[in-house]
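One structure is given below, encoded as C-alpha cells.
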Amino acid sequence: MINISNLSFGYKKKNILFNNLDLTLSSGNIYGLLGKNGAGKTTLLKLISGLLYPQCGSCTLDEEKTIARDPDLLKEIFFLPENSFLPAVKVREYLEIYTPFYPKFNKEKFFEYLKDLEIETNGKITNLSYGQKKKFSVAFALAAETKVILLDEPTNGLDIPAKSVFRKLVASSINEEKIFVISTHQVRDMKHLIDPIIILDNGEVIFNRQIAEIEQKLSLTLQREEPEEDEALYFENTLGGYAVLSENHDGEDNDIDIELLFNAVVDKNEKVKTLFNAGVTV
C-alpha cells in the first residue's frame with residue numbers, strides 16, 4: 001500500500017503545487033491518474049518514487065518512507081517517465097547494466113513482451129524509432145516485476161496495434177501485490193484498463209472513484225436535442241447531437257466515456273461532489 005499523508009510540495013517556496021495532500025493507493029489496482037497540463041501528475045509520480053522531496057508530510061510504501069531511498073525499497077518501485085534515456089548499447093548489454101537493480105526481473109517475460117510488441121533485439125537500442133523505444137521501455141518496466149509500476153504517458157508514440165498490446169500486457173501483469181499508476185492524457189487508450197480513476201486539478205485530488213461506482217451513479221446517453229440545464233450533469237456537442245452525462249436513476253449498466261467524465265469533474269466539480277458524496281439529485 002502507498003500512503004501519502006499531509007504532503008506539501010512546490011518547486012518554489014512561493015509556488016506550492018501540493019498542500020497537505022492525502023491519498024491512499026491499494027495493491028491490486030491499476031490507477032488512472034488524470035489531469036490538465038500542470039496539474040501535478042508527473043510531480044506526484046516523482047514524489048511517490050522518491051525522486052522528489054516534499055516540504056512536509058510523507059509518502060510511504062508498506063510504511064517505509066520513499067524519500068529514504070533505501071535500496072531494498074527502491075528495487076520495488078519502477079518509474080517510467082514520458083521520455084526516458086536509452087544508451088547506445090545492444091539489448092543484452094542493457095540488461096547486464098540495469099537488471100541488477102531489479103532482483104525479480106524476468107528476462108523470459110521481457111523477451112516475450114518485445115516479441116508481442118514486434119521489437120527486434122539485434123541492433124543498438126538507439127537505432128529504434130521513438131515509438132519502438134517506448135515499447136522497449138514499457139517491456140522493461142513490466143518485466144522488472146516490482147510492487148509499484150509508475151507509468152507517465154506510456155502510450156504516447158505507440159501505434160494503434162501497440163496500444164492494444166499494451167493494454168493486454170498491463171492487464172496480464174497486475175496481481176494482488178502490485179500497484180500500477182498510469183498518468184495519461186490519452187484516456188481512450190486506457191478504456192477498460194484503468195480503475196480506479198483519480199483526477200488532479202490545481203494540485204488537489206478532486207475525484208477518486210472506482211469504475212463500478214461511477215457507472216452506478218452516472219448514465220451516458222446520446223441525444224439529438226440539447227438537454228435542459230436541470231436534466232444533465234454535463235453535456236458536449238457530438239456528431240449528430242449531444243453526449244449527455246446525467247444521474248443514473250434506473251440503475252442500468254453503463255459504459256462511461258472517461259474523457260467526458262473528466263471534463264464533467266473539472267467543469268462541474270461541485271455538482272459531481274454532491275452526487276457522489278451525498279447522493280443528492282443534480
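Looking only at residues that are under 22 Å from residue 39 (Cβ atoms), among the acidic types (Asp, Glu) and in contact with a Gly (Cβ under 8 Å, 6 or more places away or on another chain) in region 186-236, which one is surrounded by the most Cβ atoms within 10 Å (Cβ to Cβ)?
Step by step, filter region 186-236, then rank; the result is 201.
The conditions are (1) under 14 Å from the mean Cα position of the chain (by Cα); (2) in a helix (DSSP H, G or I); (3) surrounded by fewer than 16 Cβ atoms within 10 Å (Cβ to Cβ); (4) without any contact (Cβ under 8 Å) to a residue 40 or more places away in the chain, and residue 164 fails exactly one of them. Which is it?
Condition (1) is where residue 164 drops out.
Yes/no matrix, rows are residues, columns are (1) acidic (Asp, Glu); (2) farther than 29 Å from residue 39 by Cβ:
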{"residue": "108", "(1), (2)": "yes, yes"}
{"residue": "115", "(1), (2)": "no, yes"}
{"residue": "125", "(1), (2)": "no, yes"}
{"residue": "134", "(1), (2)": "no, no"}
{"residue": "146", "(1), (2)": "no, no"}
{"residue": "154", "(1), (2)": "no, no"}
{"residue": "163", "(1), (2)": "no, no"}
{"residue": "170", "(1), (2)": "no, no"}
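Find the residue count for region 4-48, including only residues that are within 24 Å of residue 167 (Cβ to Cβ) and among the aromatic types (Phe, Trp, Tyr).
1
Just the residues that are part of a loop (DSSP other than H, G, I, E, B) and within 21 Å of residue 46 (Cβ to Cβ), please, taken from region 63-100.
63, 69, 70, 75, 76, 81, 82, 83, 84, 85, 86
Being farther than 30 Å from residue 266 by Cα and in a strand (DSSP E or B) is the filter here, so list the residues in region 28-62 that pass it.
Of region 28-62, the ones farther than 30 Å from residue 266 by Cα are 62.
The answer is none; no residue qualifies.
Under 6 Å between Cβ atoms, at least 6 apart or on separate chains: pull out the pairs that start in region 20-43 with a residue that is within 19 Å of residue 80 (Cα to Cα) and end on any residue that is part of a helix (DSSP H, G or I).
Close Cβ pairs (under 6 Å, with a partner that is part of a helix (DSSP H, G or I)) amount to 32/190; 33/41; 34/262; 35/41.
Which residues, taken from region 238-280, are of a type in the set (Phe, Trp, Tyr) and over 26 Å from residue 205 (Cβ atoms)? Show your work before the answer.
Quick first cut of region 238-280, residues of a type in the set (Phe, Trp, Tyr) only: 242, 262, 276.
Within region 238-280, 242 is the sole residue that qualifies.
None of the figures in this text is laboratory data; all of them are computed from the coordinates on show. The shown structure was predicted, so the numbers you read here are calculated from the model rather than taken from an experiment. Neighbour counts are summed over all protein chains in view; Cβ atoms, including those assigned to glycine, are modelled from backbone coordinates with ideal geometry.
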